[in-house]
Amino acid sequence: MTKDALTLYGVALSSRLLAGTAQYPSPAILADAVRASGSEVATVSLRRESGAARAGETFWALIRGLGVKVLPNTAGCRTVKEAVTTAQMAREIFGTPWIKLEVIGEDDTLQPDVFGLVEAASILTRDGFQVFPYTTEDLVVAEKLLGAGCEVLMPWGAPIGSGRGLNNPYALRALRAHFPEIPLIIDAGLGAPSHAAAAMEMGYDAVLLNTAIARAGDPVGMARAFSLAVEAGRLAFLSDPMQPRDMAAPSTPVMGRAFTGVARA
Amino acid sequence: MSDGPRVRVLGAGVAGLAAAFEFARADCRVELIERREAAGLGCSHLAGGMLAPWCEAESSEQIIVDLGVESIEFWTHVVPVAERRGTLVLAAARDRPELARYARRTLERESLDGAAIAALEPDLSGRFEQALFYPREAHLDPRAAMAALLSRLKGFANVALRFGVEASPASDDADWTIDCRGLDSRDRLQDLRGVKGEMLILATPEVNLSRPVWLLHPRQPVYIVPRGGGRFMVGATMIENDEPGRITARAMLELLGAAYTVHPAFAEAEIVETGCGVRPAFPDNLPRLRREGRVIHVNGLFRHGFLIAPALARRAARMALDGAHFPEVTDADPRQRQSA
């Protein structure tokens, strides 16, 4: 394990990219992309695939076969009750206390219902779950989620699947500054590797993404691109990036040189 | 009576019928065995019947396009049941980026504006401002296609059809066994999985469409295929489980919502049928001709049954009768699969 490990609920990870498993052209491409991403955690949805009698077993076996830690999610759940039931089923199927908690409040933006989210997080942590809540950048909601027992927060960059990047960098910076010790993972809305790099440069601990890789023309290539971007962004953050300034600051001295600033013929 | 090789075909879905037809044409003595009481009661019954290889390139590999183009020839010339009127691909205004993505990833297409859309499909006049059109694509009614293929098979003196008979590739009194049983072959093909699909059929005299229409959506693209007589097949969900027969309210909401977006008159249409099947697929969602001794498995047709079955059947026959190799649909070297 490298010195710069990310620890989520006591589990140390060297990759700071968490991968989704939905919408890939095929399970084979999904497996190749997850490998290329270097991810050690893959999130998987259960709400719809489970059917009446856990008919999704073949697909879940495939996810287990990826050799990564599984982070089951409650995607598609609209109520606290649905989310809690789905989490309990996920724990049984995958034998993990980890749950990425989504309680969706609005169908067009897939925006979290933060009231339901806090309530479900509180129920689940009391039941022994380790909750990864998908939330907004709202500070007060973040406080309440921590109060409910969450040890990791996953604010959105932009609405799920929108590929817009970091919609509200000011609030995301404020959130980072407010909770310097809490693992913060940007979840949702990233479209390009540069978005992931920007999140990491801002000091976010990791990013979780699905659509940007799964729906790329070459998901395997894009997975690798995101992996490099996350690594670059993290390294940049640790290397104390320079501050922007208004005037040019030449890297070699110009004082005393003739004709500085005159265009050459 | 033919004294050619004895070939037993298992399964009377589109893959089995197409295989029986190819071996029959090659003068083999063909016995087609199906456990159900009639042909085409599995996935083939619920298929959309779009022959849209260029559209498929959006999320499939080149081999599907190649097999599909070959199969269009079959369905328009050998067993001529398909109509070649192209495919129209639409998106609601807010999903325009989906249309751009689709265009980037597909070939043999034209970009249409509102007037051009209305010229092709007058009932869509004023409803959409942008579309993609794939003029070389075709569509068929899967049930009519199965009936036509079956009646052609009945015309061969060297073909015997047996329905209501359990079949397994174990018995070896045939020279070749062509196993086309789809998901029922899972006991022999361990890497086969089921991908559930739900569909419905609407009837309304108020909407006229003369070609398949795709409505793109970031979560769930939906197609509407006109079946004639005011009937429209709307499909299909793709869910990673193998649960047959259980249709969810969410699936119907999504399919009906898409139909309503394409034309609001679908709101008053009658729901004449709903259906749910499980497609057989390999992990890469690509088909296989997998040979085990004197058995050739034709499987993993996924959502591409009618689109690729004739081309696969032709390869299976040539593999058995001429010793031909088709690396693009066998397991040997996955890298060669790109070039058909």
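Our compactness index for chain B, the C-alpha radius of gyration over the empirical 2.2 N^0.38 Å, is 0.99. Spin-label model, A:Arg164 to A:Ala5: label points 7 Å out along the Cα-to-beta-carbon direction sit 3.8 nm apart. Once the convex hull of all Cα atoms in the range A:70-148 is built, its volume per residue stands at 78 Å³. Decide, for the range B:27-68, between rounded, prolate and oblate: order the square roots of the alpha carbon gyration tensor eigenvalues as a ≥ b ≥ c, take rounded if a/c falls under 1.5, and otherwise choose prolate if a/b is larger than b/c, else oblate. Because a/c hits 1.5 or more and a/b fails to exceed b/c, the range B:27-68 counts as oblate.
Normalising by residue count, the range B:158-296 has a Cα convex hull of 165 Å³ per residue.
Rounded to the nearest 10 degrees, the angle from helix B:142-154 to the longest Cα principal axis of chain B is 30 degrees. With a cut-off of 12 Å between beta carbons, the residues surrounding B:Ala258 carry a summed charge of -1, where Lys and Arg count +1 and Asp and Glu -1.
Look at where the Cα atoms of the range B:119-163 and of the range A:121-200 average out, and the two centres are 49 Å apart.
For the range A:201-206, the Karplus equation 6.51 cos²θ - 1.76 cosθ + 1.60, evaluated at θ = phi - 60°, returns couplings of 4, 6, x, 5, 7, 6 Hz by residue, with Gly and Pro reported as x. Bridges between two residues of the range A:63-181, per DSSP, are antiparallel at a rate of about 10%. Summing +1 for each Lys or Arg and -1 for each Asp or Glu, what net charge is found among the other residues whose Cβ lies under 12 Å from the Cβ of A:Val70? Once all neighbours under 12 Å are counted, the net charge is +3. Here the range B:229-340 is treated as a Stokes sphere of Kirkwood radius computed over C-alpha pairs; at 4 °C and 1.567 mPa s its diffusion coefficient rounds to 77 µm²/s. Our estimate of slack between B:Asp175 and B:Glu110, defined as 0.36 nm per intervening residue step minus the Cα-Cα distance, is 18.6 nm. Put the Cα centre of the range B:258-284 next to the Cα centre of the range B:24-92 and the gap is 18 Å.
Where both bridge residues fall in chain B, DSSP classifies roughly 65% of the beta bridges as antiparallel.
Here the residues A:Met202, B:Met146, ranked from fewest to most Cβ neighbours within 10 Å of their Cβ, fall in the order A:Met202, B:Met146.
Amide hydrogen proximity for A:Met154: with H placed 1.01 Å from N in the peptide plane, the residues at 5 or more positions away or on another chain lying under 5 Å are A:Thr135, A:Ile185. For chain A, the calculated P(r), taken from all Cα-Cα distances in 5 Å bins from zero up to the bin holding the longest distance, is 1, 6, 13, 17, 18, 16, 11, 6, 3, 3, 2, 2, 1, 1, 1, 0, 0 percent.
Here the label points at A:Ala12 and B:Ala92, each 7 Å from Cα along the C-beta direction, are separated by 4.9 nm in the simple model.
To the nearest 10 degrees, how steep is helix B:14-25 against the longest Cα principal axis of chain B, on a 0 to 90 scale? Around 50 degrees separate the two axes. Diffusion of the range B:193-254 by Stokes-Einstein, at 10 °C in a medium of 1.306 mPa s and with Rh set to the Kirkwood radius over alpha-carbon pairs, works out to 125 µm²/s. Taking the three principal axes of the alpha carbon atoms in the range B:53-169, the coordinate ranges are 54, 31, 25 Å, sorted in descending order.
Residues whose amide H falls under 5 Å from that of A:Trp98, counting only those 5 or more places apart or on a different chain, are A:Gln130, with hydrogens built in the peptide plane.
Counts of other chain beta carbons within 10 angstrom of each beta carbon in peptide B:219-227 average 1.
Bridge orientation summary for the protein assembly as shown: considering DSSP beta bridges with both residues in this region, about 50 percent are antiparallel. Judged by the mean number of other Cβ atoms found within 10 Å, the most tightly packed of the peptides B:152-161, B:7-16 leads the ranking B:7-16, B:152-161. Count charges around A:Leu235 for me, please; just the other residues with Cβ under 12 Å from its Cβ, Lys/Arg as +1, Asp/Glu as -1. So the environment of A:Leu235 carries a net charge of -2.
Inter-chain Cβ neighbour count for B:238-248, averaged per residue, equals 6 (cutoff 10 Å, partner chain atoms only).
Classify the range B:275-337: rounded, prolate or oblate, from the alpha-carbon gyration tensor (a ≥ b ≥ c, eigenvalue square roots; a/c under 1.5 rounded; otherwise prolate if a/b is larger than b/c)? The shape class here is prolate. Evaluated on the range B:126-218, the Kirkwood hydrodynamic radius is 18.9 Å, with distances taken between all distinct Cα atoms.
Legend: calculated FRET efficiency, A:Ala171 to B:Phe163, from the Cβ-Cβ distance at R0 = 45 Å, rounded to 0.05, equals 0.10.
Over the protein assembly as shown, the hull volume per residue, using the convex hull of the C-alpha atoms, is 202 Å³.
Taking the convex hull of the alpha carbon positions in the range B:10-117 and averaging its projected area over all directions gives 9.1 nm². Here the Debye sum runs over all C-alpha atoms of the range A:37-181 as equal scatterers in vacuum, and log10 of I(q)/I(0) at q = 0.15, 0.18 Å⁻¹ comes out as -0.77, -1.08. Counting only other chain Cβ atoms within 10 Å of each residue's Cβ, the peptide B:279-291 averages 2. Think of each Lys and Arg Cβ as +1 and each Asp and Glu Cβ as -1; about the Cα centre, that makes the dipole of the range B:51-106 roughly 380 debye.
A Förster radius of 41 Å, combined with the Cβ-Cβ distance separating B:Ala118 from A:Thr79, puts the computed FRET efficiency at roughly 0.45.
Cross-link pairs exceeding 29 Å in C-alpha to C-alpha distance, out of A:Lys3/A:Lys100; B:Lys154/B:Lys196; A:Lys3/A:Lys69; A:Lys69/A:Lys144, comprise B:Lys154/B:Lys196.
Read the figures in this text as sums done on the coordinates, not as results from a lab. Small disclaimer: the values here were computed from a predicted structure and weren't measured. Every residue, glycine among them, receives a Cβ derived from its backbone with ideal geometry; neighbour counts consider all protein chains shown.
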